[in-house]
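Engineer: Handing you a structure now.
The values are calculated or read from the model by the stated rules, or taken from the named source; none is laboratory data. These numbers come from a predicted model, not from an experiment. Neighbour counts run over all protein chains shown; Cβ positions are idealised from the backbone, glycine included. Each accessible area value is taken on the protein alone, full model and side chains, heavy atoms only, with ligands, DNA and RNA left out. Shrake-Rupley method; radii C 1.70, N 1.55, O 1.52, S 1.80 Å.
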Amino acid sequence: QVQLVESGGGLVQPGGSLRLSCAASRSIFSINVMGWYRQAPGKQRELVATITSDGRTDYADSVKGRFTFSRDNAKNTVYLQMNSLKPEDTAVYYCNARTYSSSYPGGYDYWGQGTQVTVSS
């Protein structure tokens, strides 16, 4: 069981920056994959970025070069640094943790409650 709590969202002007945080209720060292997803009004939830337990990252094409996903295992926290923000980045951002086990070989997902990011002048 993992509880995830996001923070750091808010209102920012185009071109600005925000850093989202996601604090886990237990050690993230053994969590196979953590991710950030987002959902804009009227749209499906989409993957923004992932980070594996060994630190490998992957990004959606729309955020490559602008967003950076990092993890601090000592603090059980992951971060999404978002730079050069655009109005189309406006969405609720959700933290995700996926674990694999013999009970859930296809993976089991945990979700945070989400944090609103609004990019507007």
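Engineer: What full-extension length gain, to one decimal in nm, is calculated for Glu88 and Gln113 as 0.36 nm per residue of separation minus the Cα-Cα distance?
Structural biologist: That works out to 6.9 nm of additional length.
Engineer: Mind checking the dipole of the chain: about its Cα centre, +1 per Lys or Arg Cβ, -1 per Asp or Glu Cβ, Debye to the nearest 20?
Structural biologist: Taking the Cα centre of the chain as origin, the dipole is about 100 debye.
Engineer: If you find the alpha carbon centre of the range 84-121 and of the range 1-50, how far apart are they in angstrom?
Structural biologist: Result: 4 Å between the Cα centres.
Engineer: What aspartates and glutamates could a cross-link reach from Lys86, if we take a straight Cα to Cα line under 17 Å and drop same-chain neighbours fewer than 8 places away?
Structural biologist: Cα-Cα hits under 17 Å: Glu46, Asp61.
Engineer: Still on this structure: Between Arg19 and Gln44, what's the calculated FRET efficiency when r is the beta-carbon distance and R0 is 25 Å? Round to 0.05.
Structural biologist: The pair Arg19/Gln44 has a calculated efficiency of 0.50.
Engineer: Follow-up question, since we're still on this one. Which percent of the Cα-Cα distances in the chain go past 17 Å? Mind dumping the intermediate values first?
Structural biologist: Working: 3822 of 7260 pairs.
Of all Cα-Cα pairs in the chain, 53 percent lie more than 17 Å apart.
Engineer: Heavy atoms of the protein only, probe of 1.4 Å, neighbouring chains included. What is the accessible area of Arg56 in Å², nearest 10?
Structural biologist: Roughly 150 Å² of Arg56 is accessible to a 1.4 Å probe.
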